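Asker: Below is the structure I would like to discuss, written out as C-alpha cells.
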Amino acid sequence: MYKRTPFRPSWLLLVVCYICAAGLPAAPQALNPAPLNIGQSFMLSSTVLGEERRINLYFPKAYFEQPDQPLPVLYMPDGGVHEDFVHIAGLVQIGSLNWTTRPVILVGIENTDRKRDLTGPTEDEEDKKISSVVGKSAEFRTFLRQELIPTIEQHYRTTAERGIIGESLAGLFVVETMLLEPDLFSNYIAVDPSLWWNQAALVKQAGERLKNGGHQGLRVHLAASSQQGIVEPTRQLAGILQQAPGLDASFTEFPDETHLSVYHPAALNALRLVYARE
C-alpha cells in the first residue's frame, strides 16, 4: 500500500527559494501626493465681458521677504496654467533669484476665446475666417482697465509700473494697446506679434499714432522668429518705434527659432532687457 511521507524541503531548495524571493520587487509604497502650488488663482466676474475669468498669479520671494515693499506687475494674456503662464513664471522666478531681473508680480489671464479678445477689427475677409467672432480687443482692454487692474492694485502691493507681455495674437494685442491706449502700461513686450492682421494696418498707422503723443517714457521691446509674414512687419515696426522721440524701443531677432519655439528664449531676453537690475 502506498504510504505518504511528509515533505521536507532540502537545504538546496530552501536556498533557491530565498534567492528568488530576494529578487522580487518590493511592494509599492503609498505616496499620498499633494497638489504642487506655485502661486495663487482666483475667478473674477467681469461685467464688461459678461463672463468669469480665471486669473493666475506668481509672486517672487521678494514679495514675502520684504512685506513692506511694493513690486511692479507684469500682465500676460494667454496666462492659463495650460497656456504660457508656467514657463513665464519660471523665467520671472529664476531672473529674480539669480539677480538678472528685478522681481515682479506675474498676472496671467486665462483665455476663454483668445481670437475674439486679442484681435482688433479687420476688413480682411481671410482674417475673419479664423473664428466666428473676432475684433473684440477694445472690450478686453476695458476689462483690464476697469476691472482686472483695479482688483490687483486693491489686493496686492504694487507699484505704478505696469507691464504686459504676449506672443502671436497676444503680441498683436500688446502692440495695438501700446499704439491706441499707451497709458495703460509702462512696459510693452511683444514676441512674434501677428502684425499681418488687417493687412498690417497697425504698422501702417504707427507713425501717425506716435505723433499724437502719450508714448513718451514707455519701454517697448519687440522680438521676432524666422517666421515669414511676421518677422518683416515686426522689423518694420521696430524701425518706426526706434525713431520715435521719448520712446525707449528695442528689437531682437531669433533667426534660429520658429513661431512655435521663439517665446521662451525671446521672453528670457526681453525680461533681462526691460526688467534689468538697476
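Asker: Mind sorting out which of (1) 268; (2) 286; (3) 136 is the real volume of the Cα convex hull per residue in Å³ computed from the coordinates?
Answerer: Entry (1).
Asker: To continue, here is another question. So what is the relative contact order for region 93-158, in percent, with contacts set as C-alpha pairs under 8 Å and at least six apart?
Answerer: Here the relative contact order equals 23 percent.
Asker: Net charge near S186, counting Lys/Arg +1 and Asp/Glu -1 over other residues with Cβ under 13 Å of its Cβ?
Answerer: Summing Lys/Arg as +1 and Asp/Glu as -1 gives -1.
Asker: Turning to a different aspect of this structure: To the nearest 10 degrees, how steeply does helix 169-180 sit against the main Cα axis of the chain, on a 0 to 90 scale?
Answerer: 30
Asker: Expected output is a single nm value to one decimal: the length gained when fully extending between A26 and R277, i.e. 0.36 nm times separation in residues minus the C-alpha distance. What is it?
Answerer: Extra length from A26 to R277 when fully extended: 85.2 nm.
Asker: Just flag the trypsin sites (Lys or Arg not before Pro) in region 18-97 sitting in loop per DSSP whose Cβ has no more than 13 other Cβ atoms within 10 Å.
Answerer: Hits after loop and neighbour filter: nothing returned.
Asker: Could you work out how much longer the chain between S45 and K61 gets when fully extended? Use 0.36 nm per residue separation minus the Cα distance between them, nm to one decimal.
Answerer: 2.9 nm
Asker: Please list 72-78, 195-201 highest first by mean number of surrounding beta-carbon atoms within 10 Å per residue.
Answerer: My ranking of the peptides, most packed first, is 72-78, 195-201.
Asker: Relative to the present Cα-Cα distance, how much length would full extension add between F251 and V86 at 0.36 nm per residue of separation?
Answerer: This chain segment gains 56.9 nm when fully extended.
Asker: If one takes the longest principal axis of the Cα atoms in the chain, at what angle in degrees, from 0 to 90 and to the nearest 10, does the Cα axis of helix 11-22 lie?
Answerer: Tilt relative to the chain: about 10 degrees.
Asker: Let me ask something additional. Using R₀ = 22 Å, calculate the FRET efficiency as 1/(1 + (r/R₀)^6) where r is the Cβ-Cβ separation of N212 and T142; round to 0.05.
Answerer: 0.65
Asker: On to the next question. Between D68 and A34, with labels modelled 7 Å along Cα→Cβ, what's the label distance in nm to one decimal, could you check?
Answerer: That separation, rounded to one decimal, is 3.2 nm.
Asker: Just to confirm the number: angle between the C-alpha axis of helix 231-242 and the first principal axis of the chain, 0 to 90 degrees, nearest 10?
Answerer: Long axis of 231-242 versus the principal axis of the chain: about 50 degrees.
Asker: Explain nothing, just the number: dipole magnitude of the chain about its Cα centre with +1 on each Lys and Arg Cβ and -1 on each Asp and Glu Cβ, in debye rounded to the nearest 20.
Answerer: Roughly 1440 debye, rounded to the nearest 20.
Asker: Follow-up question, since we're still on this one. Kindly work out what percent of the DSSP beta bridges joining two residues of the chain are antiparallel, to the nearest 5.
Answerer: The answer is about 30 percent antiparallel.
Asker: Let me ask something else about it. Highest mean first, what order results for 238-251, 98-111, 178-191 on Cβ atoms within 10 Å?
Answerer: 178-191, 98-111, 238-251
Laboratory data are not the source of any read-out in this text; all were calculated from the coordinates shown. The structure displayed is predicted, hence computed values, not measured ones. Note that each Cβ is placed from the backbone with ideal geometry, even for glycine, and that neighbours are counted across all protein chains shown.
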